[in-house]
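First comes the structure, then the notes that go with it.
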Amino acid sequence: MNLRPGIDTPPPKHLILVKLNAPFDDREKMIEVLKSIEEVRREAVHPERRHEDGGVIDDWALNLLVAFGLRFFLGPLEERPPEEPVPNFPPGGVFTTRHPSRFGMEKRQVPLYLRTMNAAADDVFVKRRLAASLDREPSDEEAQAAYRQWLADCESDLLLYIEGNHRFLCVDLWDRLHKVVEAHGLELACPIDESYGSEDGRDLIGWYDPVSNMDDLIESDPAYYRRKIYLPHPAPGYPGEAETNRDELRYNGGTYLVHRKYVEDLDRWGADEFQITDNFGCTYHGEEARARAIGRDRESGRVVCGSSGRLLEKEKDAAEAHLAPLDSHILQVRGGNPAPFKGPFPPLKPGETNVFNIQDVRIRRRGGNWRTIDPETGKTTYGLHFISFQNNIQQTGFEFIQNIWLLNPLFRLNHDHLLDPEKGIAEPVAGGYYFVPPEHRNFPGEVFFE
């Protein structure tokens, strides 16, 4: 298959995420910035460039993706007009076409599914952090203002996604890019994030992730895989969705990137007293509870059968995950077999049900682990950088999975055990939505300026 580096290729061992803002709206200056970034990229990843140990750069899968946030097109959140509500359940109405207000991009449209981040329970976590800082329960107005400020702080104009299997080369690439940032007066939107992959492929909670991530389909059915990850979307259209509800044709081949930074409470997760209660009222403890919460055995990575508890053999495209416990993480993110949903999810009314083909909801996950050590206390904080690619964030991608499956008590009658705020295992502390344009000839984002 013709793999696009950074999206279709295997997840890297090292990842650096840099969020940048441009304190100017000059069209030519932004084009110059993007051209300078491309010049650095081409020099750094040139296949004949040799590393000091004698190997060529190609051996280390060094790569850079440049992604564009809603702020790049419409400015900061506080300066943008209110967005119309976007229902997560397809068919979900028409997305209003918007036009950029920055960098002289009048003849372009804002990528259709690039919206303000709207993930269930984020406001709960923000309110909880605010209450801790105030040492009291905040008012609704205070909580709402804090949540909106958090959303604004999460955004950026650009996201530089640097990856590779050699940490020095990733740091060296950022060092070269940093000179461009300084020369053109770009601003860091937040501290630089770095993540790493484990040697055995496990994430920090001890499980293999991802065990299956559409990898089989990349090889066996690349056309199907691309229909889920890249524009155009929908392909084919979903029942009830307007045929005109499409991104610009020139954006075909692009994809939407979701970034979420989670802090993970590994002590709580690994405690002997950790327990879950499934949607049948059965309670599990310790390691058995963790295996059922994930849906996989820790050591082998095999799926745990929800009814018998036996370990299942691997099937193509992880189809055996549909036999996992109903409230397990791996089944919650796959939806299981087509299932009825109870309202109120537009266009359904309260009490109505509908059947939605879960195979229409697929994403490509990447990202990696992270940890920081507080220099004053010596305390280590652990977490996960979740990265996903999809061709519609709200209705067949991350936001649908988060809002309609993982944290919807009307779906399988239980919240996801990892992301449930009451469990306290994973807490989102940053994030953002971005658009990765189709592959370019001259510089990333040239499609916006042609």
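The values are calculated or read from the model by the stated rules, or taken from the named source; none is laboratory data. Source: prediction; values computed, not measured. So basically every Cβ, Gly included, is an ideal-geometry build from the backbone, and we count neighbours across all protein chains shown. Accessible surface areas use protein heavy atoms only, side chains included; no ligands, DNA or RNA. Shrake-Rupley method; radii C 1.70, N 1.55, O 1.52, S 1.80 Å.
Quick one: if the Förster radius is 45 Å, what FRET efficiency do Tyr196 and Asp135 give, using the C-beta to C-beta distance and rounding to 0.05? All intermediate terms of the calculation are to be shown ahead of the outcome.
Details: r = 36 Å, r/R0 = 0.80.
My answer for the efficiency is 0.80.
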Legend entry - Probe 1.4 Å, accessible area per residue of the chain, Å²: 45
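Which order, highest average first, do 38-50, 101-113 follow once you tally other Cβ atoms within 10 Å for each residue and take the mean per peptide?
Averaged packing, sorted descending, gives the order 101-113, 38-50.
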Legend entry - Potential extension, Thr380-Ala271 segment - 0.36 nm per residue separation minus Cα distance: 37.5 nm
Inset, instruction - Mind checking the full-extension length gain between Arg176 and Ser308? Use 0.36 nm per residue of separation minus the Cα-Cα distance, one decimal, nm. - result: 42.0 nm
Inset, instruction - Filter the GluC sites (Glu not before Pro) in segment 159-230 down to the DSSP loop ones having no more than 11 other Cβ atoms within 10 Å, then list what survives. - result: Glu199
Inset, instruction - Determine which residues of segment 1-26 fall in the zone a paramagnetic label at Asn165 would reach in this model, i.e. backbone nitrogen under 12 Å from the point 7 Å along Cα→Cβ. - result: 10-14
Inset, instruction - Step through the table entries Lys29/Lys107; Lys228/Lys316; Lys127/Lys261; Lys19/Lys127; Lys19/Lys179; Lys261/Lys379, compare each Cα-Cα distance with 22 Å, and write down the pairs that go over it. - result: Lys19/Lys127
Legend entry - Accessible-area value, Cys305, 1.4 Å probe, nucleic acids and ligands omitted, Å²: 10
Inset, instruction - For segment 128-266, just say rounded, prolate or oblate: build the C-alpha gyration tensor, square-root its eigenvalues into a ≥ b ≥ c, call rounded for a/c under 1.5, and beyond that prolate if a/b exceeds b/c, oblate if not. - result: rounded
Inset, instruction - Specify, per residue and in Å³, the volume enclosed by the convex hull of the alpha carbon atoms belonging to segment 286-326. - result: 61
Legend entry - Bins of 20 Å from zero: percent of alpha-carbon pairs in the chain: 23, 59, 17, 0
Legend entry - Förster radius 56 Å - calculated FRET efficiency between Glu79 and Ser300, Cβ distance, rounded to 0.05: 0.60
Legend entry - Calculated P(r) of segment 105-200 - Cα pairs past 15 Å, %: 75
Legend entry - Simple label model, 7 Å out from Cα along Cβ direction - Ser220 to Glu187, nm: 5.0
Inset, instruction - Could you please state how large a percent of the accessible area of the chain is carbon and sulfur, counting protein chains only and using a 1.4 Å probe? - result: 51
Inset, instruction - Report the residue, chosen from Gln394, Gln275, Gln144, that carries the largest GNM mean-square fluctuation when the chain is represented by alpha-carbon nodes joined by springs under 10 Å. - result: Gln144
Legend entry - Expected 222 nm ellipticity per residue - DSSP helices of 4 or more, -39500 (n - 2.57), all of the chain, to 500: -6500 deg cm²/dmol
